[in-house]
Amino acid sequence: MKEEAKAARKRVFEKIMEIIFILCACMSILAVALICFFLFTKGIPGMAKIGIFKFLGGQVWKPGNDIYGILPMILGSVYVTGLALVIGVPIGLLTAIFMARFCPKKLYKVVKPAVDLLAGIPSVVYGFFGMVVIVPVVRALTDALGARGNGVSLLTAAILLGIMILPTIISVSEAAIRAVPESYYEGSLGLGADPVRSVFKAVLPAAKSGIMAGIILGVGRAIGETMAVIMVAGNNPAMPKGLLQGVRTLTANIVIEMGYAQDLHREALIATGVVLFVFILIINLCFSIVKRRDK
Amino acid sequence: MADTTAVDFNIQEEEPETNAADIVGINKQTFGQKLKSYTRKPTSLIMLILVIGAAVITLAVLIFIIAYILINGVPNLSWSLFRWNYNSENSSMMPAIINTVIMTILALLISVPFGIGAAVYLVEYAKRGNKLVGIVRITAETLTGIPSIVYGLFGMLFFVTQLKWRLSMLAGAFTLAIMILPVIMRTTEEALMAVPDSYREGSFGLGAGKFRTVFKIILPSAMPGILSGVILAIGRIVGETAALMYTAGTVPAVQGLLSSGRTLAVHMYVLSSEGLYMGPAYATAVILLVVVLLMNLGSSLIAKRLTKGN
């Protein structure tokens, strides 16, 4: 009888512990639900008050006159991200190829931690580096070309973001290239192709979707980056005019003005966050679709 | 008789040597051969140069960033930067350092138990094809992709405004706790999956219950993996700025959990955006970089010990 009671108590205890673990697992669901709920309920009313098309399509952002159009910021984010990809993807992908196929083992022990370190450097340090190194270089370039601008520009932000997305692209692409069966490479060699050609024509196409996933992750990182971009992009809320002119991104818009924003202005900034969040959700969706196709 | 065997022996010794040399000659091209084959195919040579060039660029950028910050920053380190109280004259980073430590401990205390608990459920309890597991994985992946400014916005709306915690260390810590949750979950999951099934079978065989097996057998042997995840999370907390600006605020003083306080990264952003304190900003960058370097080193050392142990 006593034994039975003990066993029953143990069963209840095990059940309770399992429920506790389930609750822990539900934390991430709760977090996502809360984030979605609060962003959308606080952001969408503001968007509706301004008018969705006026808000998303408006070319003028003048909080003082209650004019809230975030098209300049949307385009700013898109241009900066696009240009960052142009810089970051070729370098990242080629580095990944080097690490996966051409890197001597001894060198790999140095390169791999270096890439991890590149991912670990805080964005505010990147921003500071951009401020004191890349901005003067771009300013010199601007002067040499005789163009208008003082170094804080779309190009500066894109160069910095191109560096910042390198580790994401490198590590995901490297894993994808390594996952390609060795027989692809050997088969190509056996058909008479040299090692470089074998890697580019046989191995790389097979790793295509993994590399794509890495690039999508890079897009997410670039579009969401805040502090580094604020420190080098100039942040004037006008339509982007050129490579060497200042630009403001969605993320910068939120951080710069949230400190003193009131009422509708504040709601407009939260709505900017909603637009950014929707962008990120779409990017996440693309990522999981590409990954699923990979399997 | 003894003589002939000795001779035989000698011959046997010599033969493999020449064979080995031949094999090397067939499989490995000499530099000259490589050069010849590449001059015949210039596109391959160009691609190879591009591949190596890209790797050199990546390494050079990293070395340049670190060297530039260290060379320009170290001379700016001075004792006045480590005074207990901040004022605009000494722009001391001591309060920010203390706040960073408090913030890190607080965020870890909130996040680690849930993260480990969630990973234990996913790996040890959930059955194959469980629908909850799929949802948890998707939401964790979503959390990984959310940029820190969105976390900051959410923290401001929920913890600061809705729960009326105002700008406070606590609001900042909870925001960061959500941010690092997926990191802890993923690394713990991987560590748990690396524990051999024989450990579990052995424990069950000796009559231990599920909970006891998890706590006494599985978690201890997965500890190094969990630890390297925690270190990764510390790195993110220390470097975070955007999520803290409007949750923990930017007050440069240590005032307790329910008041605002800036961490080191926020401190550095404020200094460099004001433009007047470039020296202290350089010095802060050095401290941040050194912390991140140490964290990376610690994490990779643990990972190395882990792979050696297996």
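Read-outs throughout are calculated quantities, based only on the coordinates presented, and are distinct from any laboratory measurement. Values in this document were obtained by computation on a predicted structure and should not be read as measured data. Note that we place each Cβ from the backbone using ideal geometry, even for glycine, and neighbour counts take in every protein chain shown.
Numerical summary
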{"quantity": "Two-site label geometry, A:Leu107 and B:Arg128: point separation in nm, points 7 Å out along Cα→Cβ", "calculated": "4.4"}
{"quantity": "Phi-based couplings in Hz for the stretch B:180-197 (Karplus 6.51, -1.76, 1.60; Gly and Pro marked x)", "calculated": "8, 3, x, 4, 4, 4, 5, 5, 5, 4, 4, 5, 5, 5, 7, 6, x, 4"}
{"quantity": "Between 0 and 90°, nearest 10: helix B:131-145 axis offset from chain B longest Cα axis", "calculated": "80"}
{"quantity": "Angle between chain B longest axis and helix B:2-27 axis [Cα atoms, degrees, rounded to 10]", "calculated": "50"}
{"quantity": "Span-rule helices in chain A, defined as complete DSSP H runs reaching 30 Å or more along the axis (Cα) with Kyte mean at least 0.0", "calculated": "A:2-50, A:71-97, A:263-294"}
{"quantity": "Mean separation of Cα contacts under 8 Å, 6 or more apart, over the residue count of chain B: relative contact order %", "calculated": "23"}
{"quantity": "Point-to-point label distance, B:Arg305-B:Phe64, nm (Cα→Cβ direction, 7 Å offset)", "calculated": "3.7"}
{"quantity": "Kirkwood-type radius of the stretch A:56-294, with distances r between different C-alpha atoms, in Å", "calculated": "19.4"}
{"quantity": "Of the trypsin sites (Lys or Arg not before Pro) in the stretch A:165-218, those whose Cβ has at most 12 other Cβ within 10 Å and which sit in DSSP loop", "calculated": "none"}
{"quantity": "Share of pairwise Cα separations in the stretch A:2-49, more than 16 Å, in percent", "calculated": "62"}
{"quantity": "Theoretical FRET efficiency, 1/(1+(r/R0)^6), r = Cβ-Cβ of B:Leu276 and B:Ile57, R0 35 Å, to 0.05", "calculated": "0.55"}
{"quantity": "Per-residue ³J(HN,Hα) for the stretch B:159-170, Karplus 6.51 cos²θ - 1.76 cosθ + 1.60, θ = phi - 60°, Hz, x for Gly and Pro", "calculated": "6, 6, 8, 5, 8, 6, 7, 6, 5, 8, 4, 4"}
{"quantity": "Normalised contact order of chain A, rounded percent, pairs of Cα under 8 Å and 6 or more residues apart", "calculated": "26"}
{"quantity": "Residue-wise HN-Hα coupling along the stretch A:235-240, computed from phi with Karplus coefficients 6.51, -1.76, 1.60 (Hz; x: Gly, Pro)", "calculated": "6, 7, x, 10, 4, x"}
{"quantity": "Inter-label distance for A:Ser288 and A:Ala140, nm, one decimal - labels placed 7 Å from Cα along Cα-to-Cβ", "calculated": "4.8"}
{"quantity": "Within-13-Å neighbourhood charge of A:Ile20 [Cβ basis; K, R +1; D, E -1]", "calculated": "-1"}
{"quantity": "Cα-derived Rg over Rh, computed across the stretch B:197-245 with Rh taken as Kirkwood radius", "calculated": "1.30"}
{"quantity": "For the stretch A:1-158, size of Cβ-based charge dipole, Lys and Arg +1, Asp and Glu -1, in debye", "calculated": "440"}
{"quantity": "Radius of gyration and maximum dimension Dmax of the protein assembly as shown, Cα, Å", "calculated": "27.7, 111"}
{"quantity": "DSSP-assigned coil residues among chymotrypsin sites (Phe, Trp or Tyr not before Pro) in the stretch A:195-284, each with at most 14 further Cβ atoms within 10 Å", "calculated": "A:Tyr260"}
{"quantity": "Exercise: per-residue mean of other protein chain Cβ atoms within 10 Å, A:153-160", "calculated": "0"}
{"quantity": "Amide H within-cut-off set for A:Tyr68, under 5 Å, with H built and near neighbours excluded", "calculated": "A:Lys62"}
{"quantity": "Residue (of B:Ala177, B:Ile71, B:Val51) at the positive-pole extreme of the stretch B:51-201, dipole from beta-carbon charges", "calculated": "B:Ala177"}
